[in-house]
Structures are given as C-alpha cells and as structure tokens.
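See below for the structure under consideration.
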Amino acid sequence: VNMASPDYIVPFPLLYQTGHERSLLHIAERYINVIRMSYPALLEAQVQGFPPLHYIAVHTHIVLSALGLPITHAEHLLRHPEEWQRNGTFAEAIRRNPQAAPSVVFFQEEFIPARPAERRRLLNPYFEKIFTFNLDVNLRCQFGALQPGIDWEEVEEEGQTILLDFRDETDPDMRRFKLLWVFSSLYEHIKRRGRRESPLAVTIDEFSAMAYKVTAGTNPLAVMLDEFIQQYLRGQNIWLTVAHQSINQIDEQVRNSLLS
C-alpha cells in the first residue's frame with residue numbers, strides 16, 4: 001500500500017464503525033486521540049489549543065457518526081449549522097441514534113446562538129486540522145471514506161502480510177499523522193483480538209518519523225506505547241520490531257517505553 005499514491009488509494013477513514021464500539025463517543029475520540037499524539041504541543045495551549053479542539057470535535061464527530069457521514073462533512077456542519085437545523089438533519093441524527101441527542105443540543109442551544117467571534121474561537125484549532133481533507137482529493141478519498149480498505153481480522157485469518165509504504169509522503173507532519181493513524185487502527189484490532197496461537201508481527205521502520213519529541217509534559221505516544229508493550233505484547237502474542245537510525249532521534253519518554 002503506497003500511503004501517498006495519487007492513483008490507487010486504500011481508505012483509512014477517520015470516522016468508521018466496526019460494530020465493536022461501546023458508544024458514539026468511542027468513534028468520535030479516535031481521530032482526536034491521534035491528533036493528541038501527533039501534535040502534543042497542542043496540549044500546552046489552553047485557549048487556541050487542545051481543549052477547544054476536543055470540545056468541538058467530539059460533538060461534531062458524534063453527529064456525523066450518528067448519520068453515517070464521513071469527516072469531510074464536518075466543515076459544512078460547523079459553517080452552516082442553521083441549515084442542518086432547518087432541514088431536519090439534527091433530528092434525523094437523534095432518530096438514527098439517540099446517543100447523539102446531547103451533541104445536537106450543544107449545536108442548538110450553545111453553538112448556533114453563539115456570536116461569530118465565539119464560534120471562530122472554538123473552531124480555529126479544529127479547522128486547522130481538518131480543512132485539508134476537503135482541499136486534496138487524495139486525502140478526501142483516503143480519510144473521508146466510510147469503510148476501511150483493510151480488515152485486520154481478515155489479514156490475520158488469511159495469513160497476509162501488509163506492507164505500508166510512506167516514502168512518497170514528503171510532508172513530515174502528514175507522514176507522522178498517517179503512521180499514527182494506521183497504527184491506532186491496528187492497535188484497536190489488537191486490543192480485542194485476544195491471545196491466539198499464531199503471532200501477529202508488527203514491524204515499524206524509521207520509527208522516529210512517528211515519534212514527535214516532547215520537551216515538556218507527558219508524551220501521549222509514550223503513554224500509548226507503555227500500554228501496548230506492557231499489557232498486550234506478551235498477553236496477545238504480538239511480535240514488535242522497531243527500527244531507527246539512532247536512539248537519540250527518539251524522545252526520552254518514548255525511548256524508555258521502547259527499551260522496557
């Protein structure tokens with residue numbers, strides 16, 4: 001799989017449903033968690049950083065997930081919520097999944113009545129992360145699909161080897177995001193697979209491309225790796241190999257997780 005191919009695109013949608021989710025919030029948080037790992041500096045910015053992004057993203061993703069819509073509809077929802085109210089789309093979201101009701105109330109009672117300046121304050125951090133998905137047709141097809149192009153359960157059942165090639169993704173931020181998003185998708189499968197007789201081998205080359213150095217606070221990637229390594233490797237029969245040029249390329253917290 002060429003993860004930056006303009007011709008043959010394998011979708012890794014940002015909003016997808018496997019049938020194993022405990023709630024719409026579970027679906028909504030997936031992309032947000034990867035943003036947290038990919039851009040940890042956002043956690044230090046309270047006004048124009050992670051808190052407003054998290055707040056608006058959760059409600060947006062819940063409404064879209066209830067309707068079965070991809071992430072590419074988020075911008076229209078946030079720019080024209082009055083239209084969604086008038087044409088009954090919010091009501092349809094609740095009809096399809098009552099769990100969407102609190103998020104619909106947020107749009108109806110808090111977001112729509114808000115002044116334009118207040119809306120912009122809430123939206124700017126989130127828009128900065130999603131606006132490219134509607135500008136680039138390849139990103140729209142890759143992340144704005146409804147169903148993943150790879151079924152990890154099928155991969156294991158058929159004994160397949162999946163090679164994910166990121167070499168043509170020259171933007172380091174986008175490459176890191178894609179690496180983390182694919183890994184989080186696989187990790188979700190690993191969490192529910194249980195222990196199996198046949199091992200699952202996970203090999204990550206040029207690992208430093210996936211790891212953002214954090215100089216202050218906790219590195220979210222290190223937290224996830226700690227959980228992955230300590231709880232799932234031995235218990236689920238996972239074989240993990242991580243390759244890098246130099247150990248000094250890797251954030252100290254992540255390094256400690258790997259070397260454990």
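The values are calculated or read from the model by the stated rules, or taken from the named source; none is laboratory data. All figures in this text were calculated on a predicted structure; none of them were measured in a lab. Quick reminder, even Gly has a Cβ in these numbers, built from the backbone with ideal geometry, and neighbours come from all protein chains shown. For the accessible areas, the whole protein counts, side chains as well, though only heavy atoms, and no ligand, DNA or RNA atoms are used. Shrake-Rupley method; radii C 1.70, N 1.55, O 1.52, S 1.80 Å.
Descriptive notes on the structure:
- Hits in segment 94-120 (condition: of a type in the set (Lys, Arg) and surrounded by 15 or more Cβ atoms within 10 Å (Cβ to Cβ)): ARG119
- Filter pass, LEU78 being out of contact with any Gly (no Cβ under 6 Å at 6 or more places or on another chain), open to solvent by less than 40 Å² (accessible area, probe 1.4 Å) and within 15 Å of PHE111 (Cβ to Cβ): yes
- Those residues of segment 206-223 which are part of a loop (DSSP other than H, G, I, E, B) and modelled with pLDDT of 85 or more, in sequence order: GLU206
- Contact map, segment 149-167: residues that are within 13 Å of SER198 (Cα to Cα) paired with residues that are of a type in the set (A, V, I, L, M, F, W, C), Cβ distance under 7 Å, separation 6+ or inter-chain. Pairs shown: VAL155/ILE162; GLU156/LEU200.
- Flag for HIS73 being within 23 Å of the chain's Cα centre (by Cα) and either open to solvent by 70 Å² or more (accessible area, probe 1.4 Å) or under 25 Å from GLN17 (Cβ atoms) (or both): yes
- Pairs, first closer than 20 Å to SER65 by Cα and of a type in the set (S, T, N, Q) in segment 98-124, second open to solvent by less than 40 Å² (accessible area, probe 1.4 Å) and outside any helix (DSSP H, G or I), C-beta under 7 Å, six or more apart: GLN99/SER23
- Residue check for GLU83: in contact with a helix residue (DSSP H, G or I) (Cβ under 9 Å, 6 or more places away or on another chain), among the acidic types (Asp, Glu) and open to solvent by 70 Å² or more (accessible area, probe 1.4 Å): yes
- As for segment 183-205, it holds no residue that is open to solvent by less than 10 Å² (accessible area, probe 1.4 Å), small (Gly, Ala, Ser) and modelled with pLDDT under 90.
- Every pair of residues 6+ apart whose Cβ atoms lie under 8 Å, when the first sits in segment 15-29 and is farther than 19 Å from GLY149 by Cα while the second is open to solvent by 20 Å² or more (accessible area, probe 1.4 Å) and not in a helix (DSSP H, G or I): LEU24/ASN97
- When residues of segment 183-194 are limited to those that are more than 14 Å from ASP205 (Cα to Cα) and of a type outside the set (Lys, Arg), the one farthest from the chain's Cα centre (by Cα): GLY194
- Annotation: of all residues in segment 217-260 being acidic (Asp, Glu) and out of contact with any helix residue (DSSP H, G or I) (no Cβ under 6 Å at 6 or more places or on another chain), the one that is most open to solvent (accessible area, probe 1.4 Å) is GLU252.
Yes or no, residue by residue, for (1) closer than 18 Å to ALA28 by Cβ; (2) part of a helix (DSSP H, G or I); (3) among the charged types (D, E, K, R):
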| residue | (1), (2), (3) |
| --- | --- |
| HIS76 | yes, yes, no |
| TRP84 | yes, yes, no |
| SER103 | yes, yes, no |
| PHE106 | yes, yes, no |
| GLU110 | yes, yes, yes |
| LEU122 | yes, yes, no |
| PHE127 | yes, yes, no |
| GLN147 | yes, no, no |
| ILE150 | no, no, no |
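- As for segment 163-170, it holds no residue that is hydrophobic (A, V, I, L, M, F, W, C) and either part of a helix (DSSP H, G or I) or more than 21 Å from ASP7 (Cα to Cα) (or both).
- Whether a residue is over 18 Å from VAL34 (Cβ atoms), touching a residue at least 60 places away in the same chain (Cβ under 8 Å) and more than 17 Å from the chain's Cα centre (by Cα) was assessed, and ASP205 does not pass this test.
- Qualifying residue in segment 51-60 (condition: assigned to a helix (DSSP H, G or I), open to solvent by 10 Å² or more (accessible area, probe 1.4 Å), within 30 Å of LEU225 (Cα to Cα) and free of Cβ contacts under 8 Å to residues at least 24 places away in the same chain): yes
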